[in-house]
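To start, the structure under review is shown below, and the notes come after it.
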Amino acid sequence: MPKTTQLRTYNVRDGLLDEWAEKWRTFVVPLRLEFGFKIEGAWLDRERSQFVWVISYDGPESFAERNSQYWASSERETMGLDPKDYLVSTEIREVVTVL
């Protein structure tokens, strides 16, 4: 199965960018890695209050299947981090490796 990569851009509520980034680092990253995802990088665009990150997956399931498993996991459920508390909107661009 080809490697799937997503470029995710999150518009974060005013004043919550640093708090979101810290909680993402603390809670989301370790669990995503546990589920076999690779975090390619993450950036803050302070001028636009945006959080931008790149995540990929090239395991036996499709990205969508593995992502669903991540969101349905008991670990994600008990994380206590609801993106709706921080994010105004999200944009996800998905690309697939051809080389």
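Any read-out appearing in this document is the output of simple, stated calculations on the displayed coordinates, not a laboratory observation. Quick caveat: nothing in here was measured; it's all calculated off a predicted structure. Cβ placement follows ideal geometry from the backbone for every residue including glycine, while neighbour counts extend to all protein chains displayed.
Which is farthest toward the positive dipole end of segment 23-99 among 78, 53, 95, measuring Cα position about the Cα centre, with Cβ charges +1 (Lys, Arg) and -1 (Asp, Glu)?
53
What 222 nm value per residue comes from the helices of the chain, counting each DSSP H run with n ≥ 4 as -39,500 (n - 2.57) and dividing by all residues, nearest 500 deg cm²/dmol?
Per the formula, -6500 deg cm²/dmol.
Taking the Cα centre of segment 1-41 as origin and charging only Cβ (+1 Lys, Arg; -1 Asp, Glu), how large is the dipole, in debye to the nearest 20?
With Lys and Arg at +1 and Asp and Glu at -1, about 240 debye.
Hey, what do the phi angles of segment 80-86 turn into as Karplus ³J(HN,Hα) couplings, whole Hz, using 6.51/-1.76/1.60 and θ = phi - 60°, x for Gly and Pro?
Listing the rounded values in order: x, 10, 9, x, 4, 6, 10 Hz.
If you average 1/r over all unlike Cα pairs in the chain and invert the result, what Kirkwood radius do you get in angstrom?
Averaging 1/r across every pair of different Cα atoms and inverting gives 14.1 Å.
Could you work out how far helix 63-72 tilts from the main Cα principal axis of the chain, as a 0 to 90 degree angle to the nearest 10?
60 degrees
What relative contact order, as a whole-number percentage, does the chain give when Cα pairs under 8 Å and 6 or more residues apart are counted?
Value for the chain: 49 percent.
So, by mean Cβ neighbours within 10 angstrom, what's the order for 51-64, 75-88 with the highest one leading?
51-64, 75-88
Wrap a convex hull around the Cα atoms of segment 25-70, take a quarter of its surface area, and give that in square nanometres.
3.6 nm²
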